[in-house]
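Notes to accompany the following structure.
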Amino acid sequence: MLARLRSWVAGALRRDRVEDEMDAEIRFHVAQHVDDLVARGVARADAERQARVAFGRVEGVKDACRQARALDAIDAVRRDIRYARRLLRRSPGFALTVVATLALCIGANTAIFSVVDAVLFRPLPYPQPERLAQVLTYYSDSRHEGEFWGTSQSGGAWEMLWDGVTTARWAAFTGSTRLNLVAGGTVQYVSQQRVTSGYFSVIGIPPVVGREFTREEDRPGAPRVVVLSHALWQRLFNGAWPLTTPLLLRGEPHTIVGVMPQDFIATIPADLWTPLRPSRTGEGAGENYTIIGRLKPGITLPAATASLTGVSRAISADLHAQGMRARLALVGLQNAQSITLRRPLLILMAGVVIVVLIGCLNVAGLLVARCLERTPELATRIALGCGRSGVVRQMFVESLVLAVLGGTAALLFARLAIGWLARIVPVMADEYIQTTAAIWQPIRLDGRVLLVTALVAMVTTVLFGIAPALQALRVDIRSGLTAGGGRALAPATAGWPRRLLVVAQIALGVVLLADAALLVRSVAHLTAAGPRMDTTNVVAATLPLQDVRYSTMTKVNGLIERTLTAIKALPGVESAGVTLCLPYERGLNIPFRRRGSVRNDMTVLSYVTPDLFRALRMPLRRGRQFDQRETAGAAPVMIVNEAFVNTYFRDLDPLVERINLFGKPRLIVGVVGNVRHKDSFGTYEPIDSLPVVYLPASQLPDGLAMVHVWFSPSWVVRTSSPQPGLVKSLERMIASIDPQIPFASFRRIDDLKSTALAPERFEAILLGSFSALALLLVALGLYGLIAKSVAARTHELGIRMALGSTAIRAMRTVALPIVALAGLGIACGAGMAGLSTRLLRNQIWGVTTDDPLSLGGAAVGLLLLAVAVSIAATWRIARLTPADTLRHE
Amino acid sequence: MGKLPGLLPGTLEMLILKAVSLGPLHGYGALLRISQISNEVLQVEQGSLYPALYRLEHEGYIQSTWGTSENNRRAKYYTLTRAGARRLRQDSEQWKRVAGAVASVMGAVPEEG
């Protein structure tokens, strides 16, 4: 088999050399024979004659040899390819349209598939990845219908799993945080992930040198240890082992116990790992751990899920006071980690498949029309003895040439598109709610994607290669030859297959446009909704404070005081304040209990300095702002936002309420207007006006500084006019107050908003561009169909106009059947769109899946497109003069 | 030098494989070797030799390299491949069975009585 393939390739690529060798071989044979005869005493001239006769007809032998090597088939195909190239060069418009259509369709398809493949299909880079699973919690709430899921678990759940459930080996980890590292005089800003003992063996990848954490090291108060990534090890220690010098993390010495392999990809990108030290208190009191497990041999996923029933019951008992129930389930690790990306990616994939379908239908239509046009030529070729199979092969080769050209162009386009997607998809993954997923596998144009591209190209070729070939078989030689001049009355449109194609294309176009319109309207709603903020001339500087030097709120307040004093002295600064949680970002969620209530409620908690509300221009609705009265010793107070009042104190006066937070009852002294935050509990939009409690930074318990492990406070500065040098002077100021603060990020509030909506926007932009592409393709297809129809009927239309028909009426005669077909397609499409938009149910906000504007807009849009294309394509008729057309013959 | 009498289909290819299995040969050499070994009973028709060689090479049973002949001409030498050796084994077994069967049919004498 392989030998035959090799022989084929050699025959196809080095045709000349094969011929030369054949000649040489035969010459040698005859010469050798002559020598033998001469040696036997035959005269040379006689010997030459005898040898030639003995060999037989050289050309006949050569032909038989060619046949034996299958060269004749190769030659036929080469002839077909040459012919196809000539034909395509003669009609460049047709070739360009087909190649561009294929390039865009297949290219977009390849690009999206490479993302889907990397995120959803390619297995995780761990041994036996199918045995790895993650614990998800499905919550149901007596107040709402349906379930919502959480990807994180509490310390209590972890202990119950670890102690009592034996169907899997468990490990837990947190998200990564950035921190300061000091080693041998260099300071580095690196990312840290905390993991339980056994994490690396559950994942199945042990350290390349050293060891992973022991159970003893994974307990509170144990000696501090750290495992390094290969890259960090090389960077800091140049690969030296063992290492005796401890590493300073956040100012505390850690012993290095292991190094991970070079190609190791953690569940979250990280430079180093420290023990999680899970507990039921502190961070373990809330749902802050991701728990994964490796199923024990013989245990299936459903069986392992069933073994979690006891844990579910215990958690539900705790949640009972809140009217909620929890159901724990094990989900394959890859599925669980891509849970938020799966739906949008599959929707995009479906969208791009629709584009491919429309594109293929277009190309098929073009080829069918071209085939009809070429009927006389084909009939001539059959009549001259080419044979029907020869004609079919010719058509197939033509399609193949187009597919190869289109496929090559598609690869170039896909490379560009993948480069772009590889940049935005990680942002999508980052910004999606609760997603902790790393993009496990690089998004790139690789062999697998190439294979799929080739398959799509092949299927396309077959799809549009078969249609014209079938048509070619039906060619009636005699009528094909005699009708050659196009004098016959052509049918209104070119046969029912083409009409069906048009209906299908338009229907698919409506579906795609309606879905894209819904996403666009949803993004428009999210962008416009919520309170307006005056964000001109506002900059936020975010400082990571996870360092022993800021381990208490007293120390943090010292920093805040010094920096704010310095900032207010800068030129042009109008107001400046500090907040734990910026608008459009995710906040710290805490449970609290209202007076007389038996259930816990959730709120976002932020601390602020008095001027923060002024810096963000957040309006005061009731009561008062924070001021100098809020000292550490004064009566504890808080300010809440309108959303908080509307959710929890709808019919009450909030200003007399006290709420217990951190062990102290706090009086609500004011109500401010809403700003939107990323949703993190309940059923909110991606960014929404969540209930927020603001505490004065000066009145916080010292222990709350712990929150800086997960959240970094921001300094919000408003200037009265644009201050180009502001960021520079802020950087200088921070460095002069604390040179060891590693890294400050400066952002504008508007940027925060657009980052927060990035995933929704990307999804809408991508599906929007797919539908734009689809519309372009539909328009091209329609135009081609009508233009052909006009060309075929020029003669008939000329007679009609000579007999008194007006140009308008003639145009109508041609265009109306097509517009009627479009109407049929739109009706079918509207029905399909109604079904397809339901897939978007959890992806859209502020519009419903049966949004009449989107569905109706899509239908009307395609109808207008059909009419516009009809007018453009029949415009030629208006310029027809009957005399010319009739004389044209 | 008459035509090969009543050669069974595929026999020529088997003979070529056998000839080549004894050592690398060019086409003319194969012709001579078959003739020699069969005591000049089997004379392969020159015109059908090369298509057979090309078919065998195309199917991977023999492979060719260019070398120099005894009298210093450039010639294409064929050698047996592993697949060729396998095919030759199968063919010769098959041949022995058929030849034996034919021989016993031809050797049969009419039953007495």
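The values are calculated or read from the model by the stated rules, or taken from the named source; none is laboratory data. Values in this document were obtained by computation on a predicted structure and should not be read as measured data. Methodologically, a virtual Cβ is constructed for each residue, glycine included, from the backbone with ideal geometry; neighbour enumeration extends over all protein chains shown.
Brief remarks on what is shown
- Close pairs (9 angstrom Cβ cut-off, 6 or more residues apart or separate chains): in contact (Cβ under 8 Å) with a residue 12 or more places away in the chain and over 19 Å from residue A:526 (Cβ atoms) in segment A:832-861, assigned to a helix (DSSP H, G or I) and among the polar types (S, T, N, Q) anywhere: A:833/A:854; A:850/A:837; A:855/A:837; A:858/A:771
- Some residue of segment A:347-364 being closer than 28 Å to residue A:73 by Cα and either under 37 Å from the mean Cα position of the chain (by Cα) or not in a helix (DSSP H, G or I) (or both): yes
- Scan of segment B:84-102 for residues that are hydrophobic (A, V, I, L, M, F, W, C) and modelled with pLDDT under 90, ordered by number: B:95, B:98, B:99, B:102
- Elements of type helices (runs of 4 or more DSSP H) contained in segment A:790-888, each with 2 or more residues being closer than 30 Å to residue A:519 by Cβ: A:807-836, A:852-878
- Residues being more than 19 Å from residue A:677 (Cβ to Cβ) and either modelled with pLDDT under 90 or surrounded by fewer than 17 Cβ atoms within 10 Å (Cβ to Cβ) (or both) - total across segment A:506-536: 2
- Within the set A:222, A:171, A:133, A:157, the sole residue that is surrounded by 14 or more Cβ atoms within 10 Å (Cβ to Cβ) and more than 36 Å from the chain's Cα centre (by Cα) turns out to be A:222.
- Tabulated pairs, segment A:340-361, first within 30 Å of residue A:500 (Cβ to Cβ), second modelled with pLDDT of 85 or more and surrounded by fewer than 18 Cβ atoms within 10 Å (Cβ to Cβ), C-beta under 9 angstrom, 6+ apart or interchain: A:346/A:120; A:357/A:504; A:358/A:504; A:361/A:504
- Checked against the criterion of being surrounded by 13 or more Cβ atoms within 10 Å (Cβ to Cβ), under 49 Å from the mean Cα position of the chain (by Cα) and in a helix (DSSP H, G or I), the candidates A:3, A:24, A:31, A:54 yield just one match: A:3.
- Residue match in segment A:41-50 (condition: facing chain B (nearest Cβ under 9 Å), buried (at least 18 other Cβ atoms within 10 Å of the Cβ) and farther than 18 Å from residue A:393 by Cα): no
- Segment B:56-85 residues that are without any contact (Cβ under 8 Å) to a residue 24 or more places away in the chain, paired with ones that are assigned to a helix (DSSP H, G or I) and of a type in the set (Asp, Glu) (beta carbon under 7 Å, 6 or more apart): B:63/B:57; B:64/B:57; B:71/A:35
- Tally, over segment B:36-65, of residues that are loosely packed, with under 13 Cβ neighbours inside 10 Å and closer than 25 Å to residue A:7 by Cβ: 1
- Residue in segment A:88-99 that is touching a residue at least 60 places away in the same chain (Cβ under 8 Å), within 14 Å of chain B (Cβ to nearest Cβ) and out of contact with any Pro (no Cβ under 8 Å at 6 or more places or on another chain) present: no
- Considering segment A:1-17, the residues that are in contact (Cβ under 8 Å) with a residue 40 or more places away in the chain and hydrophobic (A, V, I, L, M, F, W, C) include one that is nearest to the other protein chains (Cβ to nearest Cβ), namely A:8.
- Looking at A:626, A:644, A:613, A:681, just one residue is assigned to a loop (DSSP other than H, G, I, E, B), under 45 Å from the mean Cα position of the chain (by Cα) and under 30 Å from residue A:555 (Cβ atoms), and that residue is A:626.
- A count restricted to segment A:119-164 and to residues that are under 30 Å from residue A:684 (Cβ atoms) and assigned to a helix (DSSP H, G or I) stands at 8.
- Selection from segment B:56-73 of residues that are within 21 Å of the chain's Cα centre (by Cα) and among the charged types (D, E, K, R): B:57, B:59
- Cβ-Cβ under 9 Å pairs, at least 6 apart or on other chains, segment A:568-580 side within 16 Å of residue A:694 (Cα to Cα), far side among the acidic types (Asp, Glu): A:577/A:611; A:578/A:611
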